[in-house]
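Novice: This is the structure, below, for whatever I ask next.
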Amino acid sequence: MDQQCFLDNIRAAVARNAKPSPTPLPEWDPAMVTSQLAPDTDSDSASLWETFCQRFRAVNGQTIEGIGPLIALLLNADAKHGYLAPELNGPLAGPLQNAGITLESAIDTTRIDDYAFGITRAAGIIAETGSVVINESSTPSRLGALAPWIHVTLIDANTKVFATLVDAIKDLGDEPYVVFATGPSKTADVEGILIEGVHGPGMQICLRL
Amino acid sequence: MKTSQPIDAFGRDLSQEVKESVYSSSKAKYDKRIGALNAGYIAPDSLRKLAGQIKQHTLENLPSYLESAIGKLEANGAKVHYAKDGEEANATILGIMNAAGATKLIKSKSMVSEEIHLNAFLENNGCESVESDLGEFIVQLDHDMPSHIVTPIVHKNRQQIATTFEKMGLGDYNDDPTTITRRARTYLRKKYLEAEVGLTGANFVSAESGRIVLVTNEGNARFSICANRIHIVLVGIEKLVPRDKDLALFLNLLARSATGQQLTVYTQFINGPKAPDQIDGPGEMHVVFLDNGRSEILAGEFQSILRCIRCGACLNVCPVYRQTSGHAYRAVYPGPVGAVLSPLLAGKRYPEFADLPKASSLCGACNEVCPVDIPLPELLLRHRNKSKLEHIQKASAGTPPLGGWAVLCSTPSMWKSTLTLGKVMDYVPMKLVPVPAVQAWTQTRTLPPFRGGKFRGWYKEHRKHDSGNNQ
Ligand code: SF4
């Protein structure tokens, strides 16, 4: 069907049902939609990080600080081979390789299960919801952030810190693709039992350097 | 038990096991919803009202919002298609696949694709169409129907799923939920990577930016636009919201109302094909806007049902749904939303579904939980009225003829004399009254002793007394 006919039908339908007093588009204050779990509006960066950690842990995410704990976590999970976004080679490749962990900078889809972990940069974090913002600019390979069992997002001085969901949405800009990841992939489809790691990562980690 | 309505008969014959599982899962989701709303907000009700108003405004101005979204989508590099009905939508999707030489499609959960029976259509046309939401995948393997719009397999237990997996060659019998999930992960991973096309629905479309918003907990909608070349979004015209900022309100409400979460695990905002230097993801994006009876609904007295954001909260709270399960509604959309929507979407087949609006006690709970404040009980009543005016037999199955009652109620003298004789009711054995509805009703209930007819006398006395005092 062409656009004109399609829209004309809808126009005619709306006209047939014109209300004597049309419903106005309400304005709303962000404070109304912001939950009580959000940090105070005047929070400093330390308390925003604190709230983020709390909320992120509440959805079964893990936060770690420093490369040492990252290596320990990976070795502990027997994750000895994975994907590292090329732009993160500088700070991470050397220490990981020295610990016996092997890295690839691209995902070969014929060996998708070879990657036990994927490390990419976080474009931002949202304190209110405990979400990590992933977008095209921060993540050169969508698969690298999704297919491995462990997904580590790197948080550094360049990472935007949003206090609320409203703030993060305000900042979507022209990015063609943005994901707010709030914990590991999960389902409760089988008898309502919570299982993590359905199609996406079973472990969602935030690494702060 | 009264079984003249199909839904009653379905509920009667439903196994105790399914009944219990539907009941307990509905109750759990209902409790989680309240917990999440109250943890988040002091006055969650005001958010529902606000969201309802925004959606209502959008519907009343849908043409201009659609035009705006279309303009943005095209500017963002998406190709927009228009489908009057399911047939056109299916043909458009097949056309896109044929043009790209594609035969394999992976599909994330989308109610609207169920509505147009996309899987069957593609399979009949030599294409593979695989459901990737765990629940929908199991439904597809079983050639079954989802029974809930958010949790499609609440009617199945782990043993049934394990048997299906074994039969379909996904491993030896194992009913451990983690094993089931891991096997699906492994199987579907291959399908994601093989598919040339990923099809998703859309939870919301922003008219301001053309942004498609998708939420899933499993990550299937993420994977469906990761390894493939083409992304098709199939979306009903009612999914528009005016501004990007409104998304914050709707996302907060949707996650809490549907699953009791603060935010769904993955919230995706898609604003066109992948970025040029992105390695993975579709370089081609198509958006198919579907009408399929929606403009008819928009024009009539049921318009407000199009505000629905498919959260499933009205199902979870509904005492009829809890007793009968989603399959009792014989359509893609069950529960109170389905009882309103399914007869409308059926078009000429309206009479086939005209009994559904009767499947409600009109307790009003569905309206109270609805995140977009749809007056569901009122819409159910409008359906009943419509069916009555159109003399649709199915709508009055099991309803005793009430002509005599109507005459009685509208003739004061008859009413008065009947009341004076009311006491006789106490001595009539109701079970012997040869009206099936009366027999069914009294099978599980007893009438209290008649106490009516005294008010008129009391009122007369008091008026006399009052006017005496005033003199
Ligand atoms: S009618 Fe309301 S409560 Fe029911 S599914 Fe739709 S939005 Fe949710």
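The values are calculated or read from the model by the stated rules, or taken from the named source; none is laboratory data. Every value quoted in this text rests on a predicted model; they were computed, and no experiment measured them. Here Cβ is always computed from backbone atoms with ideal geometry, including for glycine, and neighbour counts include all displayed protein chains. Protein only, heavy atoms only, side chains kept; ligands, DNA and RNA dropped before computing areas. Shrake-Rupley method; radii C 1.70, N 1.55, O 1.52, S 1.80 Å.
Novice: Would you call B:Lys32 in contact (Cβ under 8 Å) with a residue 24 or more places away in the chain and open to solvent by 20 Å² or more (accessible area, probe 1.4 Å)?
Specialist: yes
Novice: Here is a further query. Quick one: which of B:Lys423, B:Lys386, B:Lys394 is at pLDDT below 85 and in a helix (DSSP H, G or I)?
Specialist: B:Lys423
Novice: Quick one: would you say B:Leu199 is modelled with pLDDT of 95 or more, within 11 Å of chain A (Cβ to nearest Cβ) and not in a loop (DSSP other than H, G, I, E, B)?
Specialist: Answer is no for this residue.
Novice: A further question follows. I need the full set of residues from region B:241-250 which are touching a residue at least 40 places away in the same chain (Cβ under 8 Å) and either part of a helix (DSSP H, G or I) or within 15 Å of the ligand (Cβ to nearest atom) (or both), in order please.
Specialist: The answer is B:Val241, B:Asp246, B:Leu247, B:Leu249, B:Phe250.
Novice: Could you tell me which of the residues B:Leu199, B:Leu298, B:Leu253, B:Leu214 is more than 19 Å from the chain's Cα centre (by Cα), under 22 Å from B:Val112 (Cα atoms) and surrounded by 23 or more Cβ atoms within 10 Å (Cβ to Cβ)?
Specialist: Step by step, each of B:Leu199, B:Leu298, B:Leu253, B:Leu214 is checked, and only B:Leu199 is more than 19 Å from the chain's Cα centre (by Cα), under 22 Å from B:Val112 (Cα atoms) and surrounded by 23 or more Cβ atoms within 10 Å (Cβ to Cβ).
Novice: Here's something else I'd like to know. Being closer than 24 Å to B:Leu50 by Cα and part of a helix (DSSP H, G or I) is the filter here; which residues of region B:359-381 pass it?
Specialist: B:Ala365, B:Cys366, B:Asn367, B:Glu368, B:Val369, B:Leu376, B:Pro377, B:Glu378, B:Leu379, B:Leu380
Novice: Taking the residues in region A:98-114 that are within 18 Å of A:Leu73 (Cα to Cα) and either in a strand (DSSP E or B) or in contact (Cβ under 8 Å) with a residue 40 or more places away in the chain (or both) as candidates, determine which candidate is farthest from the other protein chains (Cβ to nearest Cβ).
Specialist: A:Thr102
Novice: Shifting gears a bit: Where residues in region B:291-313 are facing chain A (nearest Cβ under 10 Å) and in contact with a strand residue (DSSP E or B) (Cβ under 8 Å, 6 or more places away or on another chain), which of them is nearest to the ligand (Cβ to nearest atom)?
Specialist: B:Arg294
Novice: Please tell me if B:Pro375 is without any contact (Cβ under 8 Å) to a residue 12 or more places away in the chain and either surrounded by fewer than 21 Cβ atoms within 10 Å (Cβ to Cβ) or not assigned by TED's automatic domain parsing to the domain that holds B:Leu253 (or both).
Specialist: No, not satisfied.
Novice: Now for a separate question. Could you tell me whether region A:154-170 includes any residue that is within 12 Å of the chain's Cα centre (by Cα), surrounded by fewer than 24 Cβ atoms within 10 Å (Cβ to Cβ) and within 8 Å of another protein chain (Cβ to nearest Cβ)?
Specialist: The answer is no, given that none of the residues of region A:154-170 is within 12 Å of the chain's Cα centre (by Cα), surrounded by fewer than 24 Cβ atoms within 10 Å (Cβ to Cβ) and within 8 Å of another protein chain (Cβ to nearest Cβ).
Novice: For region B:426-471, how many residues are closer than 23 Å to B:Gly403 by Cβ and not in a loop (DSSP other than H, G, I, E, B)?
Specialist: 9
Novice: Then there is this: Among the residues of region B:22-46, what is the count of those that are under 17 Å from B:Cys314 (Cα atoms) and more than 7 Å from every other protein chain (Cβ to nearest Cβ)?
Specialist: Count: 16.
Novice: In region B:323-357, how many are more than 26 Å from B:His391 (Cα to Cα) and within 14 Å of the ligand (Cβ to nearest atom)?
Specialist: Count: 1.
Novice: Then there is this: Out of all the residues in region A:1-50, which are aromatic (Phe, Trp, Tyr) and closer than 30 Å to A:Leu209 by Cα?
Specialist: A:Trp49
Novice: Sticking with this one: Could you check B:Lys79 against (1) in a helix (DSSP H, G or I); (2) within 21 Å of B:Leu214 (Cβ to Cβ); (3) more than 10 Å from every other protein chain (Cβ to nearest Cβ) and say which number it fails?
Specialist: Result: B:Lys79 fails condition (1) only.
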